[in-house]
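*Asks:* Got a structure for you, written out below as structure tokens; questions coming shortly.
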Amino acid sequence: MRNVHDATDANTMVARIMAFLGEHWLHPDPVNYALAYDVVCHPDCPRAREVARLTQDGVRLSGGDIVRLGGSARSAAPIALVTSPAQAGPVPSAPATPAAPAPVASPPDQRDDALAARALAQVAGFSDTLHAIHSETNHFGRDLAATAEAIRVGGADAGVERISHLTAAMIERVHQAESRLEQAKHETAELRAALEEARTSAQTDPLTELPNRRAFDDAFTALSPDTPVAVAICDIDFFKRVNDAFGHAVGDRVLKLVAQLLEREVGCTVARYGGEEFALLFESRNVGEVRSRIEAARDAIGARRLRDRDTDRPIGTINFSAGVALGQASDTLIPLMERADRALYAAKQAGRGRTMVAP
């Protein structure tokens, strides 16, 4: 007989797998199930570690992320989460050792759900409007046919009054249809604007107003495969000290300043990649040019003498370390970013406040 604890562990594992699929709106096909199984059951494997990195700020995996991770980009409506072990069946090939608890990602944005519901309601309403217009057109056609038959049997005078009433009724129906279509057009324009705002918001970091990690990944994916590229990761040195000494409100202002100066000086795609890290995407493999732009940003940031505006206490100078990796757009972004991250680590180890290029 199967051990009760084994059954409970297996059911819990299934619940966590289904929760992962639901959180990222993934269709529960075998490919995506295998991806979710790796994340839940093998948290130390490369795919699981990459998922943890991509979702560390509560970001839902993008379609591009999923494909790069070997999953299927088929989307599904949010999957109902299994809240009790009794609701799930056994998981095949459960690991012998218990897996570490999977990180809980934030639920899908409620505004996205509301927009999706609104779009579906508008499509249904538009379909109803077209159906009503089609139905009225058919009725008008039948009335015209009946009038033509009356004229054929009783002569022209027999149909004059009927045609007059029929024409007046049809004109009224046309006006009503035009009014409904105009309303649908207005609602469509409003919905399009709301969807565009939501799309922009989904790709923008709310604090710095820079592109976020998803937007950065999409920008890389959109490049022509033969484009020479350099990716860089910049990390603010000793940023925790700022937060500890002055509070997170001052830390946020420092992040916004660094974001502003990076964007102004480097002249390339700049994204907030998470925490105090920023990612840069250059369409160039000229290491001298890339270094020069990064150094210009470092000089601009270092030239600022910052103070806490509430207490007038000096914050001191802010610096950052950077790691750079060269390649081309046909390369996979993940290995490039890993090389840049190793170069960043080397810059930190060498004393911070410098740029290192990955070999």
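The values are calculated or read from the model by the stated rules, or taken from the named source; none is laboratory data. Values in this document were obtained by computation on a predicted structure and should not be read as measured data. Neighbour counts run over all protein chains shown; Cβ positions are idealised from the backbone, glycine included. Only protein heavy atoms, including side chains, enter the accessible area calculation; ligands, DNA and RNA are left aside. Shrake-Rupley method; radii C 1.70, N 1.55, O 1.52, S 1.80 Å.
*Asks:* Could you check the spin-label model distance between K185 and C45? Points 7 Å from the Cα along Cα→Cβ, value in nm.
*Replies:* For the pair K185/C45, the computed spacing is 5.5 nm.
*Asks:* Could you work out how much longer the chain between T332 and S292 gets when fully extended? Use 0.36 nm per residue separation minus the Cα distance between them, nm to one decimal.
*Replies:* Stretched fully, the T332-S292 segment lengthens by 11.9 nm.
*Asks:* With every protein chain present, what accessible area does D310 have (1.4 Å probe, heavy atoms only), rounded to the nearest 10 Å²?
*Replies:* 120
*Asks:* Given points 7 Å out from each Cα along the Cα-Cβ axis, report the K348 to R309 separation in nanometres with one decimal.
*Replies:* That separation, rounded to one decimal, is 3.0 nm.
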